[in-house]
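Undergrad: Would you mind keeping the following structure in view while I ask a few things?
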Amino acid sequence: MTTHPSLLSQVEAGVAWITLNRTAQRNALDIPSLKALHALLDGFNADPAVRVVVLTGNGRSFCAGADLDEWAAAEARGALESYGWTETAHALMTRLYTLEKPTLAAINGTAVGAGMDLTLCCDLRIAAQSARFKAGYTSMAYSPDAGASWHLPRLIGSEQAKRLLFLDELWGSERALAAGLVGEVCADDQLLSVAGELATRLANGPTFAFAQTKQLMREGADRSLPEHLHAELAAGLLCGRSEDGNEALRAAMEKRPAHFIGR
């Protein structure tokens, strides 16, 4: 296990676990935390031993969003618009969203503002029964600044996104599940085991094909159907030429489970 003042991380059997660890601040994101998380994701993306990344929080909150103490200190010195939190957060959100490895948020408690936005950047989301979601922006007379207004309409539709953003409602795990904000809800004491089982399934899968699929899904909205079919053809050729593609064909012919290595 490696540690940073605000993060814990470990890699086991292809699964990289990242735990937000500022429990006294409810895992709020200050600039050092944003930069440390970004660097950790860069490292995991480049590490062939990492096949999937799981993000969770320590304590009772997943993440309380931006660190308001840091925000207030910047405002007090007249640097609120220039102290760099937003730009640093944007770089992190982009890194997480574009990671080649599958990503999973195991949401252990309240996810507010940028904390909720972190979960939206992940591929899959599992919520503990006690998890809560709140945009947090309009209650501060503020508009979304870390991706919520982009992700939410795509995940849950415009109507539900506007309810969550305009009214700043606090959604429990079951409401989040019904709306499509998360894909699964489990008992609090089972969160890490359920997340671990799903992460293991992903880690054992054809992660090269996962990376191609993620890229296709990210870029598809900007293409016409003929353009996207051409992109699918190109990605399929890459998958077919990969070691995993060759292994999948051999396993099918030999009637045995495939063993994927992510290349």
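Undergrad: Could you list, in sequence order, the residues of the stretch 174-193 that are over 17 Å from the mean Cα position of the chain (by Cα) and part of a helix (DSSP H, G or I)?
TA: The answer is E174, R175, A178, A179, D188, D189, Q190, S193.
Undergrad: So which of L198, L216, L192, L225 ends up being farther than 18 Å from V112 by Cβ, of a type in the set (A, V, I, L, M, F, W, C) and loosely packed, with under 14 Cβ neighbours inside 10 Å?
TA: Sole residue among the options that is farther than 18 Å from V112 by Cβ, of a type in the set (A, V, I, L, M, F, W, C) and loosely packed, with under 14 Cβ neighbours inside 10 Å: L225.
Undergrad: Residue pairs, Cβ under 8 Å, 6 or more apart or interchain, first in the stretch 158-171 and in the same structural domain as A135 (by TED's automatic domain parsing), second aromatic (F, W, Y) and at pLDDT below 95. List them.
TA: Matching pairs, first to second residue: L165/Y137; D168/Y137.
A quick yes/no check of all residues on (1) in the same structural domain as P102 (by TED's automatic domain parsing); (2) of a type outside the set (S, T, N, Q); (3) under 16 Å from the mean Cα position of the chain (by Cα):
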site: N21; (1), (2), (3): yes, no, no
site: A24; (1), (2), (3): yes, yes, no
site: I31; (1), (2), (3): yes, yes, no
site: L40; (1), (2), (3): yes, yes, yes
site: F44; (1), (2), (3): yes, yes, yes
site: V54; (1), (2), (3): yes, yes, yes
site: G59; (1), (2), (3): yes, yes, no
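Undergrad: Restricting to the stretch 5-51, what's the tally of residues that are more than 24 Å from F133 (Cβ to Cβ) and aromatic (F, W, Y)?
TA: The qualifying residues number 1.
Undergrad: Going residue by residue through the stretch 131-140, is there one that turns out to be outside any strand (DSSP E or B) and at pLDDT 95 or above?
TA: yes
Undergrad: Picking from G262, G240, G245, G196, which residue would you name as being touching a Lys or Arg at 6+ places or on another chain (Cβ under 8 Å) and either within 17 Å of V53 (Cα to Cα) or assigned to a helix (DSSP H, G or I) (or both)?
TA: Being touching a Lys or Arg at 6+ places or on another chain (Cβ under 8 Å) and either within 17 Å of V53 (Cα to Cα) or assigned to a helix (DSSP H, G or I) (or both) holds for just one of G262, G240, G245, G196, which is G262.
Undergrad: Let me ask something else about it. List pairs: first in the stretch 122-142 and without any contact (Cβ under 8 Å) to a residue 40 or more places away in the chain, second in a helix (DSSP H, G or I) and buried (at least 19 other Cβ atoms within 10 Å of the Cβ), Cβ under 8 Å, 6+ apart or cross-chain?
TA: Taking only residues 6 or more apart or on different chains, the pairs are K134/M116; A135/M116; A135/A148; A135/L164; A135/L165; Y137/A148; Y137/L165; T138/L165.
Undergrad: Which condition breaks for L165 when tested against (1) within 28 Å of G84 (Cα to Cα); (2) part of a loop (DSSP other than H, G, I, E, B); (3) among the hydrophobic types (A, V, I, L, M, F, W, C)?
TA: (2)
Undergrad: Between A49, A36, which is within 16 Å of the chain's Cα centre (by Cα) and either free of Cβ contacts under 8 Å to residues at least 40 places away in the same chain or not assigned by TED's automatic domain parsing to the domain that holds G196 (or both)?
TA: Going through A49, A36 in turn, just one is within 16 Å of the chain's Cα centre (by Cα) and either free of Cβ contacts under 8 Å to residues at least 40 places away in the same chain or not assigned by TED's automatic domain parsing to the domain that holds G196 (or both): A36.
Undergrad: A follow-up question, please. Can you tell me which of L29, L40 is within 30 Å of G205 (Cα to Cα) and buried (at least 18 other Cβ atoms within 10 Å of the Cβ)?
TA: Answer to the selection: L40.
Undergrad: Something else: Before we move on, is A24 surrounded by fewer than 18 Cβ atoms within 10 Å (Cβ to Cβ) and closer than 17 Å to A199 by Cβ?
TA: In short, no.
Undergrad: Another one. Counting only residues that are polar (S, T, N, Q) and modelled with pLDDT of 95 or more, which one in the stretch 65-107 is nearest to the chain's Cα centre (by Cα)?
TA: T103
The values are calculated or read from the model by the stated rules, or taken from the named source; none is laboratory data. Note that the structure is predicted; figures quoted are calculated from it, not measured. All Cβ positions, glycine included, derive from the backbone under ideal geometry; neighbour counts span all protein chains shown.
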